[in-house]
Amino acid sequence: MSDTKSYEPLYRLRHSASHILAQAVLDLYPGTKLAIGPVIDEGFYYDFDSKTAFQDEDLPKIEARMREIVKERQPFKEWSVPKSEALKIFGEKQECYKTEIIEGIPGDTVNFVQNGPFTDLCEGGHIANTEELKAFKLLSVAGAYWRGSEKNPMLQRIYGTAFLTQKELDAHVTQREEALKRDHRKVGKQLGLFSFHEEGPGLPFWKPQGLILKNLLIAFMREKLAVYGYTEIETPTILRDKLWRTSGHWDNYRENMFFLEREEEVYALKPMNCPGGMLMYKEEKHSYRELPLKVAEFGKVHRYERSGVLAGLSVSVDSRRTMPIFLPLPRRCKRASWRLFTLRMRYTKPLILIIMWSSRPGPRSRPERTSSGRSRPRGSAARLTSSRCPTR
């Protein structure tokens, strides 16, 4: 397997659960077409194209069939097949999504995985047999466009999760149920804090009580930012396409942005604050002695979210708290420090850190050594280059 995750026990368990889910759906709903069924952070899902409109009420029935398959101890077998043969096999089954996937796979062969009578296109990474899947649960049903494009058919996605022990599964389910009780969309409506309307999908209408709460939270954050030495800026909500081409958003994020054109000039509503902040940073020269610079912005960002993926206040429009930090670090610290900040960002999503690397060593840093053990002189100029800004 190319991905080392394929060897992790939990990954293999959830990957196998996805296959068992697909097998159960085909048994219960003949004629259903299969798309993809990957492992995700909290479990797994599988996308289906079915004439039956799946509901949450159908999940216990599907889960019961999965448990029957588990008891059968079906072994997982894996082998390679020529692409031409794979296209013929799935073509005869009229599995159009599978054939499309196969056509896009490089090389002359593809991988098949089979358990019992069920065979699927798969890179591999499974448990020995279905009986090893003991602690699992189907969670919800949602809609999802094929390959994430609204131009493609809308599929039905069934989410599930699996754990190595029943105790871990029970803890996860309990935590999930408690989180659903506190879903901000539900609580916001109950408390009269904000509302949503079809005239502005995903755009919040703040009510008096909600605006008071929002402003109190911002005031609290500003107080904390001041304690930690941050200064605050504000950049425009709409900027020319030139900036987004330079930042890389035009090539890599354009589908998620809003654009408008006036007098042959193209403008975009900013999906992120960072590029505007970088314009302000480069207005004047900076010495490494000024660093670290801590800058905060409570900017309003807009992102185009496809139908079916809106999740309340978390997307579409948001007062995003962007807090760039410009840091001077020796070159040899780049890799370790970037890992550190990447780890931190996983648990502090409101923070977006921009690391400014300096090739100039600090006053107490040791000189670099060549392979022969001799000291290598370093340049005296402090060069700053910026890393790409994370999208979230």
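Read-outs: derived from the displayed coordinates by stated rules, not from any lab. In this text the structure is predicted, and so the values were computed from the model without any measurement. Cβ: placed from backbone, ideal geometry, glycine included. Neighbour counts: every protein chain shown.
Of note:
- Exposure proxy order (Cβ contacts within 10 Å, fewest to most) of Leu28, Leu121, Leu21, Leu217: Leu217, Leu28, Leu121, Leu21
- ³J(HN,Hα) computed for each position of region 112-119 - Karplus, 6.51 cos²θ - 1.76 cosθ + 1.60, integer Hz, glycine/proline x: 10, 10, 10, 9, x, x, 9, 10
- Distribution of pairwise C-alpha distances over region 4-181, 5 Å bins, in %: 1, 8, 16, 21, 21, 17, 9, 4, 1, 0, 0
- The phi-based Karplus calculation (6.51 cos²θ - 1.76 cosθ + 1.60; θ = phi - 60°) puts the 3J(HN,Hα) values of region 278-295 at 5, 4, 5, 5, 8, 4, 9, 6, 10, 8, 4, 5, 7, 7, x, 9, 10, 10 Hz, whole numbers, x for Gly and Pro.
- Each residue of region 50-65 was assigned a 3J(HN,Hα) from its phi angle through the Karplus expression (A = 6.51, B = -1.76, C = 1.60, θ = phi - 60°), giving 10, 5, 7, 7, 5, 10, 4, 5, 7, 4, x, 5, 5, 5, 4, 5 Hz with x at Gly and Pro.
- Leu239, Leu216 arranged by Cβ crowding within 10 Å, fewest neighbours leading: Leu216, Leu239
- Computed E for Lys83/Glu132 - FRET, C-beta separation, R0 45 angstrom, nearest 0.05: 0.90
- Packing-based ranking, highest mean first, of 85-96, 32-43 given that Cβ atoms within 10 Å are counted: 32-43, 85-96
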